[in-house]
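The values are calculated or read from the model by the stated rules, or taken from the named source; none is laboratory data. Being a predicted model, the structure only gives us computed values, none of them experimental. Here the Cβ positions follow ideal geometry from the backbone for every residue, glycine too, while neighbour counts run over all protein chains shown. Heavy atoms of the whole protein, side chains included, go into the accessibility calculation; ligands, DNA and RNA do not. Shrake-Rupley method; radii C 1.70, N 1.55, O 1.52, S 1.80 Å.
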Amino acid sequence: MTVWSKLITALRGGAHEAGEAIVDSQALRILDQEIRDADADLRKSKEALAEIMAKEKLARSKLEKSVSTIQEYEGYAIKALEGNDENLALEVANKIASLERARDEEQAQADQFASSATQLRQAIAQADSHIKRLKQQADTVKATENVQRAQATVAERYSGSESRVQTALDSLERIKQKQAENGARLQAAAELAKENSEDALDARLRSAGITPDAHSASAVLARLKAHKKQQP
C-alpha cells in the first residue's frame with residue numbers, strides 16, 4: 001500500500017469515527033425522528049387500508065347487483081323457453097354469459113381487495129405493536145439518560161465541593177487554633193495579674209504591721225528563741 005493510499009484510508013477512518021461520534025451525540029434525537037417516521041408510515045398504511053376497504057365494499061355492492069341481474073335474466077330465459085322461443089332464450093343466455101363473466105371478475109376483484117385488506121390489517125397491527133414497544137423502550141432509555149446525566153452532575157459537583165469542604169475545614173481548624181492560642185494568652189495574663197496583685201497586697205499588709213514579716217529582725221529573733229527552748 002502506497003503512502004497516499006494509507007493517507008486516504010486514515011482520512012476515511014477518521015471521517016467514520018467522526019460520523020459515529022455525531023450519531024452517538026444525537027442518538028436520542030435520531031431515535032425520536034425515527035419513531036415519528038414510523039408513526040407517519042403507520043398513518044399512511046391505515047389510510048391505505050381504509051381506501052382498500054372502501055373499494056372492497058364497492059366491489060361487493062357491484063357484485064351483489066350483478067348476481068341480482070343474472071338471476072333476473074335467468075328468469076327471462078326460462079320464460080322464453082316456456083314460450084318455446086329458442087332464439088330469444090339463446091339471446092338471453094348470451095346476455096347471462098356476459099354478466100357471469102363480469103360477475104366472476106368482480107368476485108375476483110372483491111376477493112383481492114379482501115385479501116389485501118387482511119394482509120395490510122395484520123401488518124398494521126404488527127407495526128403498531130412494534131411502535132408501542134419502541135416508544136416504551138425509548139421512554140426507558142430517556143429516563144435512564146436523564147438519571148445518568150443527573151448522577152454525573154452530582155458526581156461533578158461533589159468532587160468539586162469535596163475540595164471546597166476540605167478548604168473550609170482547614171479554615172475552621174486555623175480559627176480554632178487561633179482562638180485556643182488567644183485563650184491561653186488571656187489565661188496566662190490573668191494569672192500573672194493575679195499573682196502581681198497578691199504580692200502587692202501582702203507587701204501593703206506587712207507594711208501596715210497587720211501580717212508579720214518573716215525576714216524582719218524580730219521575726220528572726222523569735223524563731224531563734226523558740227529553737228533554743230526546744231533544745232534539752
Discussion item. Return the residues of segment 45-92 that are among the acidic types (Asp, Glu) and touching a residue at least 60 places away in the same chain (Cβ under 8 Å); say none if nothing qualifies.
Written reply: Glu56
Worksheet item: Does at least one position in segment 77-95 carry a residue that is open to solvent by 50 Å² or more (accessible area, probe 1.4 Å), touching a helix residue (DSSP H, G or I) at 6+ places or on another chain (Cβ under 6 Å), within 19 Å of Glu64 (Cβ to Cβ) and in a helix (DSSP H, G or I)?
Response: yes
Fill in: Options Glu56, Glu47; residue that is open to solvent by 60 Å² or more (accessible area, probe 1.4 Å) and either in a helix (DSSP H, G or I) or at pLDDT below 55 (or both)
Glu47
Discussion item. Going by what's in this entry, would Ala110 be described as under 33 Å from the mean Cα position of the chain (by Cα) and at pLDDT 90 or above?
Written reply: no
Worksheet item: Considering Tyr158, Tyr76, which residue is aromatic (Phe, Trp, Tyr) and modelled with pLDDT of 85 or more?
Response: Tyr76
Discussion item. For segment 109-156, which positions are among the charged types (D, E, K, R), open to solvent by 100 Å² or more (accessible area, probe 1.4 Å) and more than 30 Å from Ala50 (Cα to Cα)?
Written reply: Arg149, Glu156
Practice prompt. Pairs only if they're at least six apart or on different chains, beta carbon under 6 angstrom, first in segment 98-124 and outside any helix (DSSP H, G or I), second surrounded by 14 or more Cβ atoms within 10 Å (Cβ to Cβ) and not charged (D, E, K, R); list them, first residue then second.
Written response: none
Worksheet item: On the given criteria, is Gln71 within 30 Å of Ala138 (Cβ to Cβ), out of contact with any His (no Cβ under 6 Å at 6 or more places or on another chain) and either open to solvent by 60 Å² or more (accessible area, probe 1.4 Å) or of a type outside the set (A, V, I, L, M, F, W, C) (or both)?
Response: no
